[in-house]
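**Student:** Structure in structure tokens, see below.
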Amino acid sequence: MSTVTAEDKPSRPGRAPYLRIATEEAFAPPEMIDIYRKILAKSDVDPGFKGLMGFYMSSPSARARHIMRCLTDLDQLRLQHMDECGIDMQVIALTAPGVQVMDKATAVSFSQLANDQLAEAVRKHPTRFVGMIAVAPQDPTAAAKEIERGVTRLGMNSVVINSHTQGEYLSDPKFWDIFAAAESHNVPIYLHPNSLPANMIQPFQACGLDGAIYGFGVETGLHALRIITAGVFDRFPRLQLIIGHMGEALPFWAYRLDYMHRATVLSQRYESMKPIKKKPSDYLRENFFITNSGVAWEPAIKFSQSILGVDRVLYAMDYPYQYQVDEVIAMDNMAMSAQDKKKFFQTNAQAVFKIA
Ligand code: 1DF
Ligand code: MN
């Protein structure tokens, strides 16, 4: 009689006929944690920021301590965890909310420091790490300049913005220099979640649904829709956005969005909802990539592929917030053609992030 031992269980995913490139992975320089500590000590601290980073930075729970330890490492610990999960490469972004909770001057200067640190780690581990450019939307002109510096000097080919900036949305034309820079440098913007803004959080936080469980998706999906309905893609037709968490559920909404957008525009119900050139779902198909961060779920991935096309759906883990080896194995085992699975795990990411 044979007994099953721990050694018999697959402890890590084996080699696959594709590279596993995870595309929504996070880091935090220790210097940023110091700045966060000062912001959290203020009496008027934003409730969403306090509920999110205030929690992770002070909770004695195993989850919070694991996350804080992993976030600040861009070297051996991260590589060890990648090896244990079979992740060949991480596309890494400054963790939410990044610099977007800071005052304008601090945000601008810290985004540069964070980008320099990340670029240094990528230089050290060029086959394992890829970096996204963090920017401060508080100063759109400086953000556009930092995109240029990131692309031309740091060799980074994507931008991260953590949804709203102190309650303001990129649908406001005052931010559009950022879109102009991303479009002209041909780099996508990853619209990552942030904690809910102060004027939205109460009914979510009251029942614990404000965070990654639900509030993040509601608010980031709203942000993406505001960008679409404001006509951003009519003004910047080559601009590409990336959204995580299975497109923050927008593919599932596409039919209703198209129907109700048309009905609302035709009835001239809102001054703020003007006609745009295409249906909302057309922009989803032509101007968005989505990742499955946080959603290791075959039916949702396949549905999204059927709406956006197999070239626009990418793999992501969301390290260290969702560090699960079983999910990598589940994704490996999806019933999907070898060609489409390679697109999902590897070649779409190589194309979108210009990974050689
Ligand atoms: C959480 C989730 C935090 C995600 C994140 O950044 C984050 C979380 C502060 O679980 O609190 O990026 N996420 O993308 O799902
Ligand atoms: Mn994330």
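**Student:** Yes or no: residue 333 closer than 20 Å to residue 20 by Cα, modelled with pLDDT of 95 or more, open to solvent by 80 Å² or more (accessible area, probe 1.4 Å) and more than 16 Å from ligand 1 (Cβ to nearest atom)?
**Tutor:** Yes: the conditions hold for residue 333.
**Student:** Determine if region 119-131 includes at least one residue that is part of a helix (DSSP H, G or I), within 16 Å of ligand 1 (Cβ to nearest atom) and farther than 29 Å from residue 206 by Cβ.
**Tutor:** no
**Student:** I would also like to ask the following. Quick check on region 221-239. Is at least one of its residues polar (S, T, N, Q) and in contact with a strand residue (DSSP E or B) (Cβ under 7 Å, 6 or more places away or on another chain)?
**Tutor:** Taking every residue of region 221-239 in turn, none turns out to be polar (S, T, N, Q) and in contact with a strand residue (DSSP E or B) (Cβ under 7 Å, 6 or more places away or on another chain).
**Student:** Would you mind stating whether residue 300 is surrounded by fewer than 23 Cβ atoms within 10 Å (Cβ to Cβ), in contact (Cβ under 8 Å) with a residue 12 or more places away in the chain and within 16 Å of ligand 1 (Cβ to nearest atom)?
**Tutor:** In short, yes.
**Student:** A further question on this structure: Of 212, 224, which residue is surrounded by 15 or more Cβ atoms within 10 Å (Cβ to Cβ), touching a residue at least 40 places away in the same chain (Cβ under 8 Å) and in a loop (DSSP other than H, G, I, E, B)?
**Tutor:** The conditions single out 212.
**Student:** Go through the residues of region 104-113 one by one and say whether even a single one is small (Gly, Ala, Ser), buried (at least 18 other Cβ atoms within 10 Å of the Cβ) and either within 16 Å of ligand 1 (Cβ to nearest atom) or closer than 23 Å to residue 235 by Cβ (or both).
**Tutor:** Within region 104-113, none of the residues are small (Gly, Ala, Ser), buried (at least 18 other Cβ atoms within 10 Å of the Cβ) and either within 16 Å of ligand 1 (Cβ to nearest atom) or closer than 23 Å to residue 235 by Cβ (or both).
**Student:** Return the residues of region 303-314 that are loosely packed, with under 15 Cβ neighbours inside 10 Å and in a helix (DSSP H, G or I); say none if nothing qualifies.
**Tutor:** The answer is 306, and nothing else.
**Student:** Taking the condition of being open to solvent by 40 Å² or more (accessible area, probe 1.4 Å), free of Cβ contacts under 8 Å to residues at least 60 places away in the same chain and either outside any loop (DSSP other than H, G, I, E, B) or within 15 Å of ligand 2 (Cβ to nearest atom) (or both), how many residues in region 41-63 meet it?
**Tutor:** Qualifying residue count for the region: 5.
**Student:** Also: Give 267, 184 a once-over and let me know the one that is free of Cβ contacts under 8 Å to residues at least 24 places away in the same chain, among the polar types (S, T, N, Q) and loosely packed, with under 14 Cβ neighbours inside 10 Å.
**Tutor:** Going through 267, 184 in turn, just one is free of Cβ contacts under 8 Å to residues at least 24 places away in the same chain, among the polar types (S, T, N, Q) and loosely packed, with under 14 Cβ neighbours inside 10 Å: 267.
**Student:** Starting from region 84-102, take each residue that is under 11 Å from residue 160 (Cα atoms) and open to solvent by 10 Å² or more (accessible area, probe 1.4 Å) and list its partners that are within 15 Å of ligand 2 (Cβ to nearest atom) and modelled with pLDDT under 95, counting only C-beta distances under 7 angstrom and pairs at least six apart or across chains.
**Tutor:** Filtered contacts from region 84-102: no entries.
**Student:** Would region 194-214 turn up any residue that is under 20 Å from residue 141 (Cβ atoms) and of a type in the set (A, V, I, L, M)?
**Tutor:** No: region 194-214 contains no residue that is under 20 Å from residue 141 (Cβ atoms) and of a type in the set (A, V, I, L, M).
**Student:** Next question, about the same structure. What pairs come out if I take residues in region 154-179 that are surrounded by 19 or more Cβ atoms within 10 Å (Cβ to Cβ) and pair them with residues that are in a helix (DSSP H, G or I) and among the small types (Gly, Ala, Ser) whose C-beta lies under 8 Å away, six or more apart or interchain?
**Tutor:** So the pair list comes out as 154/119; 156/119; 156/150; 159/150; 159/182; 178/143; 178/144.
**Student:** May I ask you to verify whether residue 70 is more than 19 Å from the chain's Cα centre (by Cα) and crowded, with 19+ Cβ neighbours inside 10 Å?
**Tutor:** Here the answer is no, as residue 70 does not meet what is asked.
**Student:** Which of (1) under 21 Å from residue 162 (Cβ atoms); (2) within 16 Å of ligand 2 (Cβ to nearest atom); (3) touching a strand residue (DSSP E or B) at 6+ places or on another chain (Cβ under 7 Å) is the odd one out, the single condition residue 74 does not satisfy?
**Tutor:** So residue 74 meets the others, but not (2).
**Student:** Just checking, which of 204, 179 is away from ligand 2 (no atom under 16 Å from the Cβ), at pLDDT 95 or above and closer than 22 Å to residue 349 by Cα?
**Tutor:** So the residue among 204, 179 that is away from ligand 2 (no atom under 16 Å from the Cβ), at pLDDT 95 or above and closer than 22 Å to residue 349 by Cα is 179.
**Student:** While we're here: Can you work out which of the residues in region 301-355 that are in contact with a strand residue (DSSP E or B) (Cβ under 8 Å, 6 or more places away or on another chain) and small (Gly, Ala, Ser) is farthest from residue 159 (Cα to Cα)?
**Tutor:** Here the answer is 304.
**Student:** Let me ask something else. Filtering region 2-25 down to residues that are modelled with pLDDT under 95 and within 18 Å of residue 79 (Cβ to Cβ), which residue is most open to solvent (accessible area, probe 1.4 Å)?
**Tutor:** 15
**Student:** Does region 272-296 hold any residues that are under 25 Å from residue 26 (Cβ atoms), assigned to a loop (DSSP other than H, G, I, E, B) and touching a residue at least 40 places away in the same chain (Cβ under 8 Å), and which are they?
**Tutor:** Answer for region 272-296, where residues must be under 25 Å from residue 26 (Cβ atoms), assigned to a loop (DSSP other than H, G, I, E, B) and touching a residue at least 40 places away in the same chain (Cβ under 8 Å): 292, 293, 294, 295.
The values are calculated or read from the model by the stated rules, or taken from the named source; none is laboratory data. Every value quoted in this text rests on a predicted model; they were computed, and no experiment measured them. Note that each Cβ is placed from the backbone with ideal geometry, even for glycine, and that neighbours are counted across all protein chains shown. When the accessible area is computed, the model is the full protein with side chains, heavy atoms only, and any ligands, DNA or RNA have been set aside. Shrake-Rupley method; radii C 1.70, N 1.55, O 1.52, S 1.80 Å.
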